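This report concerns only the one structure given below.
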Amino acid sequence: VQLQASGGGLAQVGGCLRLSCAASGSTRSIKVMGWYRQAPRNKRELVAEITAGGTTKYGDSMKGRFTISRDNTNNTVYLQMTSLHPGDTAVYYCYSKAGWGATFDYWGQGTLVTVSS
């Protein structure tokens, strides 16, 4: 599975951004797609994920502000981010869990989100 992320950039406090992650390759084996993020000097943390069946999970600080959705036709996952604040500044990584028996983690390249006041 290959993942191509896009949509990062600069946003102002209170603003919004949308990230996209397009999957290719063995997309039918994908169980979960989502996003992690990592800020300087911080551990990588879960932002949001969505299963093939549409079940979603969010990191605590993202609940109510971020929405993850999935377009199965285009094998693309979207992360709509609203009410952004400087604490959301990080490199956002798209990831996927995929496999027909055992599952493996796949990562896309990071995309930088900077929230400026």
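The values are calculated or read from the model by the stated rules, or taken from the named source; none is laboratory data. No experiment lies behind these values; they were computed from the predicted model shown. Reconstructed Cβ throughout: ideal geometry from the backbone, glycine too, with neighbour counts over all protein chains shown. These accessible areas exclude ligands, DNA and RNA; they are computed on the full protein's heavy atoms, side chains included. Shrake-Rupley method; radii C 1.70, N 1.55, O 1.52, S 1.80 Å.
For Gly14, work out the one condition from (1) exposed (fewer than 13 other Cβ atoms within 10 Å of the Cβ); (2) assigned to a strand (DSSP E or B) it doesn't fulfil.
Going through the list (1) exposed (fewer than 13 other Cβ atoms within 10 Å of the Cβ); (2) assigned to a strand (DSSP E or B), Gly14 breaks only (2).
Considering only the range 71-97, how many residues are farther than 17 Å from Glu45 by Cα and buried (at least 22 other Cβ atoms within 10 Å of the Cβ)?
1
Only one residue in Thr67, Thr55 is at pLDDT 95 or above, surrounded by 13 or more Cβ atoms within 10 Å (Cβ to Cβ) and more than 17 Å from Gly110 (Cβ to Cβ), so which one is that? Reasoning before the result, please.
Working: Thr55 fails: surrounded by 13 or more Cβ atoms within 10 Å (Cβ to Cβ).
Answer to the check: Thr67.
Looking at this structure, is Ser20 among the polar types (S, T, N, Q), open to solvent by less than 60 Å² (accessible area, probe 1.4 Å) and more than 12 Å from the chain's Cα centre (by Cα)?
Answer is no for this residue.
Can you find a residue in the range 8-30 that is in contact with a Lys or Arg (Cβ under 7 Å, 6 or more places away or on another chain) and modelled with pLDDT of 95 or more?
Within the range 8-30, the first condition is being in contact with a Lys or Arg (Cβ under 7 Å, 6 or more places away or on another chain), and the residues that meet it are none.
No - not one qualifying residue is present in the range 8-30.
If Arg37 satisfies every condition in (1) of a type in the set (Lys, Arg); (2) surrounded by 20 or more Cβ atoms within 10 Å (Cβ to Cβ); (3) over 30 Å from Ser117 (Cα atoms) but one, which is the exception?
Just one mismatch for Arg37, condition (3).
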